[in-house]
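Have a look at the structure below before the remarks.
Read the figures in this text as sums done on the coordinates, not as results from a lab. Values in this document were obtained by computation on a predicted structure and should not be read as measured data. Glycine gets a Cβ as well: all are built from the backbone with ideal geometry, and neighbour counts include every protein chain shown.
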Amino acid sequence: MLMYSCVYCQTLYPKNTEHVFPLGLGGEKIMIDCVCDKCNNEFSKLERELYQKSPVALIRSTEGVIGNKSRNSVSAFKASLLLCQDDASGIVYEVGQSERMQVFIRPQIIQIKNTFYVEADHQDNLNALMVKFKSWKYNNLRLISKLPESKLTETNYLEIEKTENNYFCKKIKGHLKIKNEIILDILPRSHHLHNSLNTRIYFDDLRNLKIRAKTETAAVKFILELLKFSDSKEMMNSYVSDTKNMKEVSVGFSFNSKKCEQALVKIALNTLFHYYPASRNQIPIQPYLDFVKTGKRTFSAGLEAKKWILDSQPNTHNIFLYQSESFLSIRISLFNGQFVYHFLIPSLQLIKPGKYSQFIVDYKLNKNQINNYIKI
């Protein structure tokens, strides 16, 4: 049986599953023969951070990139934070997103001037929120103030108890198997809608209960008062009868920039390894392999502005390699230069000094090609 050697972990493996350029960005179904399935699975998480959560994801969605032709559907950007403000009342609401960038009002309970109101796009969704909250009230009563970084990390959470007609909470730090707890989501002070925000509880995309508030103190006050209000069996009404005044949606990004950089470097290395196999075992490559694996960067890199001469070809991603006497320059240009990342690999010699090599991906046609030794 033919076996391949993984350039990242040096293990032997029988089948290639890693694409030269990610399908999720419109690459062709061409496999690279030096990345094992285990490493590929880990690196897929980095790629998803780049093209599902970062600003690249928004460009990808508006460009209508179909990552997998067999699914034949546009990969819609799913924003981690969507808010809209009613022009008439000034109230800020949680917004969800369906396919093709269509938005809707999430089911939510908002406290406005010491009164609780409900909003939703459909009564069934509001009923589901109420059922989930009732289940939490009688079976859980825990609020996660900060999610743990891993299963081994302790969780910061609040445990709520009831004495007679009042509720109170205590802070706890310990190992907790998270299931059906309410998760606290603080809106950053830097957000332009921060001052207009009223505390609310709402459903996220996975129908988990979340509280969005300005501070943890505001969130605790809200949930204790909501619990007491729910004991009264009083009805809650909608604060706004018409959502036509909500014309503008605020999009928020929540992504790990380091993981996005790891993904970009990995994509560039794939290009090198596929079209220049001799680069795989060269010593200057090792710090870049280590960065993809561990996130510890020991080299200079950064974003760059669009260059019309280089980025003028429509519907393409481009990776430019420029060889000097002392280094190899790598410039990754996504979506015709709307997002550009650049770094150098000192002492690496692949092509003749003073020459360029250009790797092109047509993300509309899902085609890869390379132009060697081109002049610009």
* To do: Please list 293-304, 344-355, 196-207 highest first by mean number of surrounding beta-carbon atoms within 10 Å per residue.
  => 196-207, 344-355, 293-304
* Asked: If the cut-off is 19 Å between C-alpha atoms, which aspartates and glutamates fall inside it for Lys179, apart from same-chain ones fewer than 8 positions away?
  -> Glu149, Glu154, Glu159, Glu161, Asp204, Asp205
* Rg/Rg_globular for segment 81-252, with Rg_globular taken as 2.2 N^0.38 Å and Rg from C-alpha atoms -> 1.03
* **Scattering curve values for the chain, log₁₀ I(q)/I(0), Debye with Cα scatterers, q = 0.06, 0.13 Å⁻¹** => -0.32, -1.06
* For the chain, calculate the relative contact order in percent as a whole number, restricting contacts to Cα pairs under 8 Å that are 6 or more residues apart. => 15 percent
* Which whole-number percent is the relative contact order of segment 163-296 (Cα, under 8 Å, 6+ apart)? -> 17 percent
* To do: Step through the table entries Lys177/Lys210; Lys53/Lys228; Lys15/Lys293, compare each Cα-Cα distance with 26 Å, and write down the pairs that go over it.
  => Lys53/Lys228
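What is the sum of charges, Lys and Arg at +1 and Asp and Glu at -1, for the other residues whose Cβ falls under 14 Å from the Cβ of Pro287? If you can, show how the numbers build up before the last one.
On the way: positive: Lys266, Lys293, Lys296, Arg297; negative: Glu261, Asp290.
Charge balance in the 14 Å sphere: +2.
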* What are the DSSP H helices in the chain that stretch 15 Å or more along their long axis, judged by alpha-carbon atoms, and whose average Kyte-Doolittle hydropathy comes to at least -0.5? -> 216-231, 257-275
* Asked: For His317, His192, His342, what's the fewest-to-most ordering of other Cβ within 10 Å of each Cβ?
  -> His192, His342, His317
* To do: Would you order Trp308, Trp136 from fewest to most other beta-carbon atoms within 10 Å of each residue's own beta-carbon?
  => Trp308, Trp136
* Asked: So which of Lys45/Lys296; Lys38/Lys146; Lys266/Lys296; Lys45/Lys214 end up more than 22 Å apart, counting from Cα to Cα?
  -> Lys38/Lys146; Lys45/Lys214
